[in-house]
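J.: One structure follows; several queries about it will come next.
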Amino acid sequence: MTATRTAPPRADHRDADDPQGWQFNSPLVLTMLLLLVVVLQGPIRRALSAPVMQSWMTVFVAVVVQALPFLVLGVLLSAIIAVFVPPSFFARALPKQPALAVPVAGMAGAVLPGCECASVPVAGALVRRGVTPAAALAFLLSAPAINPIVLTATAVAFPRDPQMVLARFVASLLVACAMGWLWQRLGRSDWLRPPAHPSFDGLGKGAAFWGSVRHDVMHAGGFLVVGAMAAATLKAVVPAGWLHTAANNPVVSILTLAILAVVLSICSEADAFVATSLSQFSLTARLAFLVVGPMIDLKLFAMQAATFGRGFALRFAPATFTLAVLMSVLVGAVLL
C-alpha cells in the first residue's frame, strides 16, 4: 500500500473574489487619466490655445500626416519581401567574389523596399544562408537609405531641392559599399556572432506577414511620433537664436544634425519630412541627417548588437557614423 502525498497549499494563493490585492491595470490607468483631463480641462485648454502650442501642433501634425502614408507603404513592402522572398534568392543572385558582391548588394537596396527595422533581420538571414558578411552589411546599410519609398518621400519633402534626392542616393550608396569593402578588408570572423533565427520562423506566411507588419508599425510609428515631437519642439520652443547660431557654423550644424539623427531614431520612410522642417540648417547638414539616420541610430545599434553581437556593434556603429558624416560633406560640397 502506497501513501498518497498531497501537495501543501500555496501560500500566495488568493481567491478570485478576494477584494485584497487588486492590480493597477490598464483600464484603471485610462479611467484615471480621463478623470484628470476632465478636472484639468480649463488649464489644458488655455495651454493649448497659447501661440507657442499652436505653432507646435501645426508642425507636429504636418510632419506626421505627410510621413505616415510612406511609412505604412514601406512597412507593407518590407514585410512582403521579408516573408515571401526566400533568403536563398539573394545568395544565388549575388556574385561569388566578395569584392563584386558588395556593390551588387548595395544596389539591391535601391530596388528592394525595406525600413531599417527589417534590414537587420534580412541581413542576418543572408549571413545564415551563406552570403558573405561584407555583402550582407552593404545591403543592411543601403536598403533603408536608398529604396524607392525613401527616395520618393525625399522628393516629396524637398520639392524645391530635387538635387537632395540624388545627393542622398549617392552618399548613402557610397557609404554602404565603403563599409562593405572595409569589413571585407579588416573584419574578423570572431567579431561577427552568427545571427539567431528570426522570431517568425515556423509560422505560416500570413501569420508571419501580419506579425512583421504589426512589429514594424508599432516601432516605426512610435519613432515617427517622437521625431515629429522633437522637430515641433525645435521649431516652436527652442529660441531661434540658438538654432541660427548652430546653423551658421558649418561644422557644428553638420555634427548637430548627425547626432540628432542618431538620438531621434526616426524611420527612414519618414525622416525626410523631419529634415525639411529644420529649415534653419544648410542642405548639407540636412543631408548628413538623412544619411546617418537610416544607417546608425539608437534602435539600430540595439538591433545590430542583438543580431550580430555587441562586439560587432561597438566597432561597426562608430565607423559607420564617421564615414556617413564625411561622405555627406563630400557629396554635399559637389551636388548641393
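J.: Compute the Rg to Rh ratio over region 237-326 from the alpha carbon atoms, using the Kirkwood formula for Rh, and round to two decimal places.
T.: 1.02
J.: Rounded, prolate or oblate: which fits region 287-336, taking a ≥ b ≥ c as square roots of the Cα gyration tensor eigenvalues, rounded meaning a/c under 1.5, else prolate when a/b beats b/c?
T.: Prolate shape, in that a/c is at least 1.5 and a/b is the bigger ratio.
J.: Further question on the same structure: Could you calculate the contour length gain from residue 41 to residue 225, that is, 0.36 nm times the residue separation minus the distance between their Cα atoms, to one decimal place in nm?
T.: Between residue 41 and residue 225, full extension yields an extra 63.9 nm.
J.: Fully extended, how many nm does the chain gain between residue 65 and residue 306 (0.36 nm per residue separation, minus their Cα-Cα distance)?
T.: Going from the current span to full extension adds 83.5 nm.
J.: Right, here's the next one. How large is the accessible surface per residue of region 227-336, computed with a 1.4 Å probe and reported in Å² as a whole number?
T.: 37 Å²
J.: Could you order the peptides 288-296, 183-191, 163-171 from most to least packed, using the average number of other C-beta atoms within 10 Å per residue?
T.: Packing order, densest peptide first, comes out as 288-296, 163-171, 183-191.
The values are calculated or read from the model by the stated rules, or taken from the named source; none is laboratory data. Quick caveat, the model's predicted, so the values are computed rather than measured. Heads up, the Cβs are rebuilt from the backbone with ideal geometry, glycines too, and the neighbour counts pull from every protein chain shown. Note: accessible area is taken over every heavy atom of the protein model, side chains too, but ligands, DNA and RNA are not part of it. Shrake-Rupley method; radii C 1.70, N 1.55, O 1.52, S 1.80 Å.
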